[in-house]
Structures are given as C-alpha cells and as structure tokens.
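Accompanying notes for the structure given below.
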Amino acid sequence: MMEYLHTMVRVSDLEASLDFYCNIFGLIEVRRVDNTQGRFTLVFLAAPGDEERARQHKAPLVELTYNWDKEAYTGGRNFGHLAYRVDDIYETCDRLMKAGVTINRPPRDGYMAFIRSPDGISIELLQRGDPLAQAEPWASMPNTGVW
C-alpha cells in the first residue's frame, strides 16, 4: 500500500506565502514546526475538505518550508519533493532498484529514503509506523547524487 503525504515548496517570505495560500487561496494551517537547530520553519496546509483527515493522518498536505537564512531559489529549487508513506520501505526500495531506479538516499534508518523521477523530481518515501530495524544492504549503502 502507498499513501500520498505532502508536496514541499520552499518559500522566501513566510508571511506573504501564508497570506496567499491561506487568506487568498483558502488552505488551512494544520501544523507548524520551528526547528531552531536547522534554522527553518515548516508550515503544513490542507484544503478545507481535507482538514480533518490531514490533522488525523498528517496527509494530504502542502508543506511550506521557510529557511531562515536567505537564499535565492533558482532552477526550480523552491519545489522540494513529493512524499509517500509505504508499508515496507525495504521492499519498496528493492522493487524500485530492480526496475532500474537509483536510490539517492537509501533507507539506512529503516524509515526514510529518496528517489528521483526521470525528470529529476525528488520523491521521499517514509515507512508506515515505526522505523524498521536497520538491515543490509541499506544500512551501509552510500547516498547517490542529490535529493
């Protein structure tokens, strides 16, 4: 089973973006994370018809990522990734690798991996529930490229 989680978009002005997405477009803020160590804020937004499901299951959402250190986003860098929850991250990554997909960030932690589409769109895979126990070949597999 696979479940759509969120799409991440980097924003350069959080207040202007929230004004647009919430006040003008009509999305609802359902969760916010301020990470002082990483120097970023994540704001998760849901469509009005998805609000209850988004609060309960943390999906489906748009994730606005505001990096506190200013950065000019060029070449589509403001678009982050798609995210999907999977039942077995190891099985999913193994199936994808056998189909010729590069695992850019292997699930070394038994929880998170990243791949890219043929057009270079980053896709995050997250293990449903608790992380799986670390296992080879994933635990020692290096990153490949960027995600």
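List the trypsin sites (Lys or Arg not before Pro) within segment 28-97 that fall in a DSSP loop (any state other than H, G, I, E or B) and whose Cβ has at most 12 other Cβ atoms within 10 Å.
Counting only loop positions with at most 12 other Cβ atoms within 10 Å, the trypsin sites (Lys or Arg not before Pro) in segment 28-97 are 39, 70, 77.
Would you mind classifying segment 87-140 by shape? Square roots of the alpha carbon gyration tensor eigenvalues, ordered a ≥ b ≥ c; an a/c under 1.5 is rounded, otherwise it is prolate if a/b is larger than b/c and oblate if not.
On the way: a/c = 1.93, a/b = 1.56, b/c = 1.24.
Prolate.
Can you tell me the mean projection area, over all orientations, of the convex hull of the chain's alpha carbons? Units nm², please.
On the way: hull surface 39.2 nm².
It is 9.8 nm².
Running a GNM on the chain with Cα contacts under 10 Å, which residue among 131, 106, 118 ends up with the highest mean-square fluctuation?
Looking only at 131, 106, 118, the biggest GNM fluctuation is shown by 118.
Hey, for a label at residue 58 modelled as a point 7 Å past Cα toward Cβ, could you say which residues of segment 114-142 have their backbone N under 19 Å away?
114-115, 123-134, by backbone N distance to the label point.
If each residue of separation counts as 0.36 nm, what is the full-extension length gain between residue 141 and residue 111 once their alpha-carbon separation is subtracted? Don't skip to the end; give the middle numbers.
On the way: separation 30, 0.36 × 30 = 10.80 nm, distance 1.42 nm.
Fully extending the segment from residue 141 to residue 111 adds 9.4 nm.
Taking R0 as 22 Å, what FRET efficiency do you get between residue 128 and residue 51 from their Cβ-Cβ distance, rounded to the nearest 0.05? Let's see the in-between values first.
Values: r = 22 Å, r/R0 = 0.99.
The calculated FRET efficiency here is 0.50.
What residue among 87, 69, 34 has the largest mean-square fluctuation in a Gaussian network model of the chain, using Cα springs under 10 Å?
Its mean-square fluctuation being the largest, the pick is 69.
Using alpha carbons only, how many degrees (0 to 90, rounded to 10) separate the axis of helix 89-98 from the longest principal axis of the chain?
70
List the chymotrypsin sites (Phe, Trp or Tyr not before Pro) within segment 60-95 that fall in a DSSP loop (any state other than H, G, I, E or B) and whose Cβ has at most 16 other Cβ atoms within 10 Å.
Passing sites in segment 60-95 are 68, 73.
According to the square roots a ≥ b ≥ c of the eigenvalues of the Cα gyration tensor, what is the shape class of segment 2-67, taking rounded for a/c under 1.5, prolate for a/b larger than b/c otherwise, and oblate for the remainder? Each step should come with its number before you reach the end.
Details: a/c = 2.04, a/b = 1.26, b/c = 1.62.
Cα axes put segment 2-67 in the oblate bin.
Bear in mind these aren't lab numbers, they're just calculated from the coordinates by the rules spelled out. Keep in mind that this is a model prediction, so the values were computed, not measured. Note that each Cβ is placed from the backbone with ideal geometry, even for glycine, and that neighbours are counted across all protein chains shown.
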